[in-house]
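> Take this structure first; my questions come after.
Computed from the coordinates by the stated procedures, all read-outs in this text should not be read as laboratory data. The structure displayed is predicted, hence computed values, not measured ones. Please note: Cβ atoms are built from the backbone with ideal geometry, for glycine as well, and neighbour counts cover all protein chains shown.
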2 protein chains.
Amino acid sequence: MTQSLVISIDAMGGDHGPSVVVPAAARALKELPPHVRCLLHGDEAQVKTEAAKCGDLAGRIEIRHAERVIGMDEKPAQALRRGKGTSMWNAVEALREGEAGVAVSAGNTGALMAISKLILRMRADLERPALVASVPHAQGVSTFLDVGANVDCDAERLVEFAIMGEAYHRAAHGVAKPTVGLLNVGSEEMKGHEEVREAHRILREGGLDLEYRGFVEGDDITKGSVDVIVTDGFTGNVALKAMEGAAKFMYAELKSALTAGPFSTVGALLARPSLLRFRDRINPPPAAPLLGLNGLVLKCHGGADDRDFAKAIRAAADVAQSGFASEIEQNMSRLPAALSTAAPADGAA
Amino acid sequence: MTQSLVISIDAMGGDHGPSVVVPAAARALKELPPHVRCLLHGDEAQVKTEAAKCGDLAGRIEIRHAERVIGMDEKPAQALRRGKGTSMWNAVEALREGEAGVAVSAGNTGALMAISKLILRMRADLERPALVASVPHAQGVSTFLDVGANVDCDAERLVEFAIMGEAYHRAAHGVAKPTVGLLNVGSEEMKGHEEVREAHRILREGGLDLEYRGFVEGDDITKGSVDVIVTDGFTGNVALKAMEGAAKFMYAELKSALTAGPFSTVGALLARPSLLRFRDRINPPPAAPLLGLNGLVLKCHGGADDRDFAKAIRAAADVAQSGFASEIEQNMSRLPAALSTAAPADGAA
């Protein structure tokens, strides 16, 4: 018998709340096998009303009433203080209680990181969970981390990101042996700061079971040079936002160019289906995992529509049913030996 | 009488050498006043042949023969060892000798930084000259530095970048009082690592004559939230390359979308003039200064055509004739006081 999987969902999160999340759950469940069920946390009346519009969900969803909701603008510290009993809090707590195998929320990212850390505790020795971005490129999608806020990362933290990111990429994209690169300002060994050079040595010589390809540069993220790109949370956050900003700017300029005159406008109308496909191509996948926790939490972007959120739920099911956690466990257990093998920086060899 | 200005040019640099650089000089000189002249360093025969095709340049150019050229792939250390007597070396040396007011090269960036540093020496206490990127946004262009390779930057270095970047932005874009922001992962004061928070304090409280607006994030670079964005050379290099990569990826996807079928292709043909204007809009200005040297050196991108290189020469003339150097001098002289004013991190106030 296939083991059942329960997905714990914050039904109130995101810009649209239950009006998007509930239809998204219904849509995802239609494509997922019958052993997958959803636990929906939120205002019971609202969630029920939305569920009633979604056809027969009997046996596939369970509604858990939550009195309150965390605001999209609340600071993490505030969310921790008054978070208990909110839909987000309860969605994560169901994970710790063993009622669910994975949690998904489109709510406030900082609050989700803080609440998840408090409830589930960190397994890796990080300030905060590492946040993954999936960046589209010509051949597929690359996994880029940390784009969260682990601002100061020593070499060991960077190696942990590599281990977790590699396992996630395999689970999410079905690549048997994802390649891994370390973000730097040049591909030569002498470049970059000490933490990066030390992490490079551990990844290359530490005997970890990773397909490590060495240093990569900023433009490799969208080239698809490697599957997984590792960096500290400061650089990752800045680079990700810089790319998003560049994409938005280009898109706005393109739009104004294509409505600049009658010929351009007719041209744009003719090319409309292609332009929409183009927009789909450059949009990143809607879900990102928080890595390093004792439990699997996925963040869906706040502006997600029901198609996006359904994708996030299916991604959650895929990752939860993969060997993700045990693969990370295995490689993490090799880390102490890797650190000591790679330790003699000067002298040896 | 107007003071004359001599622009010292590496005629062999870039992907195309004299066949682009010489016509570019001719094109730029046509638009520049008669007191501006160019010193062209390179293979005399080649440069003469190209100059002969460019009409009457009598009194506006002078050719200085250089035996050798620095290759685009040469490492900086190698360029230093065998650089003497190359067109790039001589172009920078003319600056030190007082024969020219500014030098321009489209050659190898690393070699140009190393040679400039050796010949001109640094005035700021940096590993290497700070490299500026000019990033287009909806309202104009932002000045982003350091995108070179000053990997480890303390707070004082970041403040120096702010001073130099602000003066450059005014000189290059004619903005009387450019606004300045410090790149961080969030706009709150507690975020970011120590160097960034300390630089923030100096910029806010140090009494420097700057229009400092506080922290900005990665997407502010293309939003035009501030004129000058300051960061360390590691983050800046990664962010710039990430943006360039994202833009290239989008452009490639757009191209393939617009040639995907007959309707799209016809549409793209109709919209072609707008699409070309779009491409021009998103292309950054071709010239970037190396900051922190005792002398003004501009790097033009290697793939520049003669229109681009002519723009770089005109930009060099603008900056050389501005109050750029003395403005930097003035604000730099306030830096020691700013550091001590801002010093009492804990305790005071």
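> Explain nothing, just compute: Karplus ³J(HN,Hα) = 6.51 cos²θ - 1.76 cosθ + 1.60, θ = phi - 60°, for every residue of the stretch A:170-176 in order, whole Hz, x for Gly and Pro.
Karplus values, whole Hz, x for Gly and Pro: 4, 5, 7, 10, x, 8, 4.
> Hey, how many Å between the Cα centroid of the stretch A:185-254 and the Cα centroid of the stretch A:21-74?
37 Å
> Packing-wise, with mean Cβ within 10 Å as the measure, how do B:8-16, A:176-184 rank, highest first?
Most protected by this proxy first, the peptides run B:8-16, A:176-184.
> Per residue of A:213-221, count partner chain C-beta atoms within 10 Å of its C-beta, then hand back the mean as an integer.
That average works out to 4.
> Mind checking the full-extension length gain between A:A337 and A:M72? Use 0.36 nm per residue of separation minus the Cα-Cα distance, one decimal, nm. Kindly include the intermediate steps, with their values, before the conclusion.
Numbers: separation 265, 0.36 × 265 = 95.40 nm, distance 4.25 nm.
Separation in residues times 0.36 nm, less the Cα-Cα distance, equals 91.1 nm.
> Separate question: Given a 10 angstrom Cα cut-off, can you work out which residue in A:S142, A:S87, A:S274 is the most mobile in a GNM of chain A?
A:S274
> With just the Cα atoms of the protein assembly as shown, tell me how far they stretch along each of the three principal axes, in Å, largest first.
That works out to 89, 63, 54 Å along the principal axes.
> I would also like to ask the following. Distances in nm, one decimal, shortest first, from A:R279 to the same residue in every other copy, taking the label point 7 angstrom along Cα→Cβ.
2.4
> So if I place +1 on the C-beta of Lys and Arg and -1 on the C-beta of Asp and Glu, and nothing else carries charge, what would the dipole magnitude of the stretch B:1-65 be about its Cα centre? I want it in debye, nearest 20. Don't skip to the answer; put the middle values down first.
Working: 7 positive and 8 negative charges, 43 e Å.
Dipole of the stretch B:1-65, to the nearest 20 debye: 200 debye.
> What is the distance, in nm, between label points placed 7 Å from the Cα along the Cα-to-Cβ direction at B:R96 and at A:N294?
Distance between the two pseudo-spin positions: 6.3 nm.
> Then there is this: When only Cα pairs under 8 Å and 6 or more residues apart are kept, what is the percent relative contact order across chain B? Before the final figure, lay out the partial values.
Working: 688 pairs, mean separation 77.7, N = 349.
Over chain B, the number comes to 22 percent.
> Assign one of three labels to the stretch A:118-248, namely rounded, prolate or oblate, based on the Cα gyration tensor with a ≥ b ≥ c the square roots of its eigenvalues; rounded applies when a/c is under 1.5, prolate when it is not and a/b is larger than b/c, and oblate otherwise.
rounded
> In addition: Rounded, prolate or oblate: which fits the stretch B:276-338 when a ≥ b ≥ c are the square roots of the eigenvalues of the alpha-carbon gyration tensor, with rounded for a/c under 1.5 and prolate only if a/b beats b/c?
prolate
> What are the distances, in nm and sorted shortest first, from the label point of A:K75 to the label points of the same position in each other copy, with each label point placed 7 Å from Cα along the Cα-to-Cβ direction?
Ordered by distance, the counterparts are at 4.9 nm.
> Along Cα→Cβ at 7 Å, what distances in nm separate the B:T265 label point from those on the other copies, shortest first?
Sorted ascending, the copy-to-copy spacings read 2.7 nm.
> Taking each residue in B:222-233, count the Cβ atoms of any other chain within 10 Å of its Cβ, then average. What number comes out?
2
> While we're on this one: Label points 7 Å out from Cα along the Cβ direction at B:R121 and B:D154: separation in nm?
2.1 nm
> Could you check what % of the DSSP bridge pairs in chain A are antiparallel, to the nearest 5? Write out the running numbers ahead of the final one.
On the way: 12 of 40 bridges.
Roughly 30 percent of the beta bridges in chain A run antiparallel, per DSSP.
> Ordered by residue, what ³J(HN,Hα) values in Hz, to whole numbers, does the stretch B:301-311 give under the Karplus form 6.51 cos²θ - 1.76 cosθ + 1.60, where θ = phi - 60° and Gly and Pro are x?
5, x, x, 4, 8, 5, 5, 4, 5, 5, 4
> Considering amide H positions built from the backbone, and no H for Pro or chain starts, which residues 5 or more places from B:H137, or on another chain, come under 5 Å of its amide H?
Here B:S142 satisfy the definition.
> Picking from B:G295, B:G186, B:G214, which is most flexible by a Gaussian network model of chain B using Cα springs under 10 Å?
Residue with maximal mean-square fluctuation among B:G295, B:G186, B:G214: B:G186.
> If you don't mind, another one. With runs of 4+ DSSP H residues as the only contributors, calculate the mean residue ellipticity of chain B at 222 nm using -39,500 (n - 2.57) per run, divided by the residue total and rounded to the nearest 500.
On the way: 13 runs with 160 residues, N = 349.
Counting only the DSSP helices, I get -14500 deg cm²/dmol.
> Using only alpha carbon pairs under 8 Å that are at least six residues apart, calculate the relative contact order of the stretch B:110-244 and give it in whole percent.
Computed value for the stretch B:110-244: 33 percent relative contact order.
> Could I ask something else about it? Which peptide among B:327-340, A:31-44, A:60-73 comes first, and what is the full order, when sorted by highest mean count of other Cβ atoms within 10 Å?
In decreasing order of mean packing, B:327-340, A:31-44, A:60-73 become A:31-44, A:60-73, B:327-340.
> Taking each residue in A:252-262, count the Cβ atoms of any other chain within 10 Å of its Cβ, then average. What number comes out?
Other-chain Cβ atoms within 10 Å of each residue's Cβ, averaged: 5.
> Could you work out the equivalent-ellipsoid semi-axes for the stretch A:239-344, taking the square root of 5 times each eigenvalue of the Cα gyration tensor, largest first, in whole Å?
On the way: eigenvalues 356, 72, 24 Å².
The answer is 42, 19, 11 Å, longest axis first.
> Amide H neighbours of A:V216 under 5 Å, counting only residues 5+ apart in sequence or on other chains, H built in-plane at 1.01 Å?
A:L182, A:L183, A:N184
> Note down the magnitude of the dipole of chain B about its Cα centre, charges +1 on Lys and Arg C-beta and -1 on Asp and Glu C-beta and zero elsewhere, to the nearest 20 debye.
That gives chain B a dipole magnitude of about 1100 debye.
> Next question. For chain A, just say rounded, prolate or oblate: build the C-alpha gyration tensor, square-root its eigenvalues into a ≥ b ≥ c, call rounded for a/c under 1.5, and beyond that prolate if a/b exceeds b/c, oblate if not.
Oblate, since a/c reaches 1.5 and b/c is not below a/b.
> Can you tell me the dipole magnitude for the stretch A:105-193 around its Cα centre, using point charges on the Cβ only (Lys, Arg +1; Asp, Glu -1), in Debye to the nearest 20?
That gives the stretch A:105-193 a dipole magnitude of about 400 debye.
> Which whole-Hz couplings ³J(HN,Hα) result when phi for each residue of the stretch A:240-249 is put into the Karplus expression 6.51 cos²θ - 1.76 cosθ + 1.60, θ = phi - 60°, listed in order with x for Gly and Pro?
4, 5, 5, 5, 4, x, 4, 5, 4, 4
> In terms of modelled amide H atoms, which long-range or inter-chain residues lie less than 5 Å from the amide H of A:C38?
Excluding prolines and chain starts, which carry no amide H, the hits are A:I7, A:I61, A:E62.
> Share of antiparallel DSSP beta bridges in the stretch A:1-88, in percent to the nearest 5?
On the way: 0 of 12 bridges.
If I count the DSSP bridges inside the stretch A:1-88, around 0 percent turn out antiparallel.
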